[in-house]
1. What helices (runs of 4 or more DSSP H), lying completely within the stretch 152-261, carry at least 2 residues that are over 30 Å from THR135 (Cβ atoms) and of a type in the set (S, T, N, Q)?
2. Six or more apart or on different chains, Cβ atoms under 7 Å: show the pairs whose first residue is in the stretch 237-255 and surrounded by fewer than 11 Cβ atoms within 10 Å (Cβ to Cβ) and of a type in the set (Val, Ile, Thr) and whose second is assigned to a loop (DSSP other than H, G, I, E, B) and at pLDDT 85 or above.
3. Being assigned to a helix (DSSP H, G or I) and not aliphatic (A, V, I, L, M) is the requirement here; does TYR125 meet it?
4. Can you confirm whether TYR104 is part of a helix (DSSP H, G or I), assigned by TED's automatic domain parsing to the domain that holds ARG167 and either of a type in the set (Ser, Thr, Tyr) or more than 23 Å from the chain's Cα centre (by Cα) (or both)?
5. Count, please, the residues in the stretch 106-129 that happen to be closer than 30 Å to GLN67 by Cβ and touching a helix residue (DSSP H, G or I) at 6+ places or on another chain (Cβ under 7 Å).
6. Filter the helices (runs of 4 or more DSSP H) completely within the stretch 19-83 down to those with at least 2 residues that are over 21 Å from the mean Cα position of the chain (by Cα) and modelled with pLDDT of 60 or more.
7. Being surrounded by 15 or more Cβ atoms within 10 Å (Cβ to Cβ) and more than 25 Å from ALA68 (Cα to Cα): is that true of CYS162 here?
Amino acid sequence: MNNKSITDKFEKFAEGKEIESQEDFRRAFDEFMKIQKIVPFNNASEQEAEDAYDYLELSDAAPNKKQALKYAKKALELEPDNIDAQIAIADLTANTAESLLEKYKALIEKADIKMKADGWFSEEYIGEFWGYHETRPYMRLRAEYLDSLINCSMFGLAIKECNDLLRLCENDNLGIRYRLMHLLAFFEDEKSALELLDKYDEKSTMFLLPMSVLYYKLGNLTKATKYLRELQKVNKDTEKFFNAFIEQDLEEYYDEMNGIGYRPFTIEEFLIEMQENGYLFASTPQYVLWASRKLKL
């Protein structure tokens, strides 16, 4: 399922609900996910498909790459400037991680020209991207490019991309701040990590865990423990995650995850962290053993 479908439907679902805390968000998201089990997103057929996004949903659900590409190309045929269709085609036709990166770079260069011509790069909109539906496909493209940079271990470029995305969208609807925090922990950049933490002023799994890793890497076990304890308070499955990691039992939890999202403040957040930021944890294998011992004290 394409990201536009998930994000837009949840935002529509959340309209009018009072979401002022992590607990409010947790309840709203859990309710949303329960509804999706009853009314699935992807229930369109080829005969019922009418617009580009119908075909993109069909592409996401296709049983093989050939069929997926067919639907993605149909979406692009219906909307020649559809960035999401271009992303799908790039992903389906790239032969290597590097070729995908080059395809995304070319798409961004093309999109930049149109976005500038349409006036979106004026001072009026900078910082407010995603607040306007017209900017969302562009932001999704940039986020895919960021993923590709990280996948290619181009971490310095990835940090620059994160900072530019946060410049365009200060509210950070795509969670770029979390990717950046892990990158800063990897480079042991304490100053920038603290600035990011202060800017968004949140206690979340995806901030607290990399902060703990950062201080472990810096040899400050007191602060590493402080953030680990805060993490334990925020996410009830913290100890479960570390135990499963050590016992190599994470796969069963991946299998239990819903295919269209994850439950906040549970072990599923850790699983997403591992998927998106595996380079950080691979660089500090001893941290997991230390944290597991510390949590048992």
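1. Hits in the stretch 152-261: 221-234, 238-247.
2. Close Cβ pairs (under 7 Å, with a partner that is assigned to a loop (DSSP other than H, G, I, E, B) and at pLDDT 85 or above) do not exist here.
3. no
4. It is true that TYR104 is part of a helix (DSSP H, G or I), assigned by TED's automatic domain parsing to the domain that holds ARG167 and either of a type in the set (Ser, Thr, Tyr) or more than 23 Å from the chain's Cα centre (by Cα) (or both).
5. Count: 3.
6. Output list reads 52-61, 65-78.
7. For CYS162, the condition - surrounded by 15 or more Cβ atoms within 10 Å (Cβ to Cβ) and more than 25 Å from ALA68 (Cα to Cα) - is met.
Per-residue answers, yes or no, for (1) at pLDDT 95 or above; (2) farther than 15 Å from PHE270 by Cβ; (3) in contact with a helix residue (DSSP H, G or I) (Cβ under 6 Å, 6 or more places away or on another chain):
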position: LEU165; (1), (2), (3): yes, yes, yes
position: GLU170; (1), (2), (3): yes, yes, no
position: LEU184; (1), (2), (3): yes, yes, yes
position: PHE187; (1), (2), (3): yes, yes, no
position: TYR215; (1), (2), (3): yes, yes, yes
position: ASN220; (1), (2), (3): yes, yes, no
position: LYS223; (1), (2), (3): yes, yes, yes
position: THR238; (1), (2), (3): yes, no, yes
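The values are calculated or read from the model by the stated rules, or taken from the named source; none is laboratory data. Source: prediction; values computed, not measured. Cβ atoms come from the backbone with ideal geometry, glycine included; neighbour counts cover every protein chain shown.
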